[in-house]
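The structure under discussion appears below in the form of structure tokens.
The values are calculated or read from the model by the stated rules, or taken from the named source; none is laboratory data. The structure displayed is predicted, hence computed values, not measured ones. In this analysis, Cβ positions are derived from the backbone assuming ideal geometry, glycine residues included, and neighbour counts consider all displayed protein chains. What goes into the accessible areas is simple: the full protein's heavy atoms, side chains included, and nothing from ligands, DNA or RNA. Shrake-Rupley method; radii C 1.70, N 1.55, O 1.52, S 1.80 Å.
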Amino acid sequence: MLKKMMALSGSLLLTVGLLSGCGSGGGTDASKESAGGKEDLKTVTINMFTASPEYTDAFNAYIEEYKKVKPNVKINLEIMQADYNTILKSKIASGSTPDVFQTTAGGDIDTYADYSADLTNEPLAAAMTDAVRANMSSSDGKVLGLPVKGNLFTLIYNKDLLTKAGVTSPPKTIAEMQDAVTKLEAKGITPFANAYKEWWVWKHIFQHYVDAAAQDAGVEPKQLVSDFIAGKSKIKDYPVLYNNFFNFIDLTVKHGTDKPLERDSNAEVSDFASGKAAFMTGKGAWDEEAIKKINPDLKIGIMGYPVSDKADQSVIITGADQALRINKDSEVSEETIEFFNWLYTSEYGKNWFSQVAKVIPPIKDAPLPDLEMPKEMESILKTSKSGDLSVNYSLDTFHQKFGELMQAYISGNMNKDQAVAEIEKAWVQLGSAQ
């Protein structure tokens, strides 16, 4: 049974449809024609258990559309964010694994491999972009997950506020960022909006520094993370991690919005959207709609984190960090795979990501949503490479502990060396399912 599981934050339970029989064999009820006794198509019930309440309406939209394609297929959607990991573990332990369930990608692809259908040779796998397919693949190369969406991890900035402060281009180095902070404050502008109450924003920032540290060491980020999980590496041996990362966090706290440990994700979005800060840390493309609801006229820019004095190490990160899994032992696994093949290859599906869910499509030949951040991402990637989604190489059990340790650091309950020692210990204990 699973020893280590991901953790998810939040407090929302949404139940859509009938939730009876949420186990591994969604029901099949045969109906008969009244005249000839001939059996009609069997009614098939697929039970989905996910942790993405922000996509409730979008999920319901494709469920309704699929009824037109397969009227006999009924999809029950259960969405839970608070204690999702605990409930999923309970379902699996009791033999009631949902037909479809959600996990993080990367390392958790292997964690749940024994419960996941092999999708390697399915049309949906061929439709994925190369980067996303890699995020959905196990260590032995099998595609075991479906991307919920493509994603973008970036430092977000207010173009007008930077212009007002005389910052002519987004800072790419530490020195340029320090200069930008000085210029912003000279104009009475708070440089940073943070959401340090959330544990998960920390991993989004840290991965940019992990990528740079790996580059400096001449290894791939996955190898560097593996070395930390194995206890072979020390943070002090990587100045980008030991110095630059902590210095950046100190900078954002000192020159950021008040009471950072009391600011959650929604508060950060509000702070940024209302013009209270020039940069928004720890976030990504998923926040654009929320920002625009508050301030439709705000001009959003995206940039890599200035992780060092090497401008080329300041890059955005793209990929998929959330995966849906199809229970390989489900009695309706074939029908479930057929459903997702439809979503990932049909014209409706190609447009669903951008027009309904309004996310970056994880599949090829699909239009981008009509949003600023994805469009700017597309422009940036014409001349620059994106960074590695290195959060995927550690389990979320580690990332949650990492976030808690960083919260203790900025609260003053731990000094840097104490935090570093605890982070290294947590990486060994929680970083991998092995």
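Every residue in the range 225-242 that is more than 19 Å from GLN418 (Cα to Cα) and in contact (Cβ under 8 Å) with a residue 40 or more places away in the chain, please.
Keep residues of the range 225-242 that are more than 19 Å from GLN418 (Cα to Cα), which gives 225-227, 230.
Residues satisfying the conditions are VAL225, SER226, ALA230.
Among the conditions (1) open to solvent by 10 Å² or more (accessible area, probe 1.4 Å); (2) farther than 21 Å from HIS208 by Cβ; (3) in a helix (DSSP H, G or I); (4) in contact with a helix residue (DSSP H, G or I) (Cβ under 8 Å, 6 or more places away or on another chain), the only one that HIS399 does not satisfy is (2).
Can you find, within the range 136-167, the residue that is nearest to ILE300 (Cα to Cα) among those that are open to solvent by 70 Å² or more (accessible area, probe 1.4 Å) and modelled with pLDDT of 95 or more? Ranking the qualifying residues of the range 136-167, first place goes to LYS159.
When restricted to residues that are open to solvent by less than 60 Å² (accessible area, probe 1.4 Å) and touching a strand residue (DSSP E or B) at 6+ places or on another chain (Cβ under 9 Å), the range 63-84 contains 13.
In the range 309-323, the residues that are in a helix (DSSP H, G or I) reach residues that are modelled with pLDDT of 90 or more and of a type outside the set (Gly, Ala, Ser) with C-beta atoms within less than 6 angstrom, at least six apart or across chains, in these pairs: ALA311/LYS172; ALA311/THR173; GLN313/VAL307. Restricted to the range 164-271, the set of helices (runs of 4 or more DSSP H) holding at least 2 residues that are touching a helix residue (DSSP H, G or I) at 6+ places or on another chain (Cβ under 8 Å) and closer than 25 Å to ASP287 by Cβ comprises 174-186, 200-217, 246-254. Checking each residue in the range 202-228 for being crowded, with 21+ Cβ neighbours inside 10 Å and of a type in the set (A, V, I, L, M) picks out ILE205, VAL210, ALA212, ALA213, ALA214, LEU224, VAL225. Return yes when SER314 is at pLDDT 95 or above, among the hydroxyl-bearing types (Ser, Thr, Tyr) and crowded, with 16+ Cβ neighbours inside 10 Å and no when it is not. Here the answer is yes, as SER314 does meet what is asked. Could you figure out which of (1) modelled with pLDDT under 95; (2) within 22 Å of THR318 (Cα to Cα); (3) not polar (S, T, N, Q) isn't true of HIS204? Going through (1) modelled with pLDDT under 95; (2) within 22 Å of THR318 (Cα to Cα); (3) not polar (S, T, N, Q) one by one, HIS204 breaks only (1).
Of the candidates LYS364, LYS385, LYS350, LYS375, the single residue that is crowded, with 17+ Cβ neighbours inside 10 Å and of a type in the set (Lys, Arg) is LYS350. Filtered by the rule that a residue be modelled with pLDDT under 50 and surrounded by 11 or more Cβ atoms within 10 Å (Cβ to Cβ), the range 26-57 gives GLY26, GLY27, THR28, SER31.
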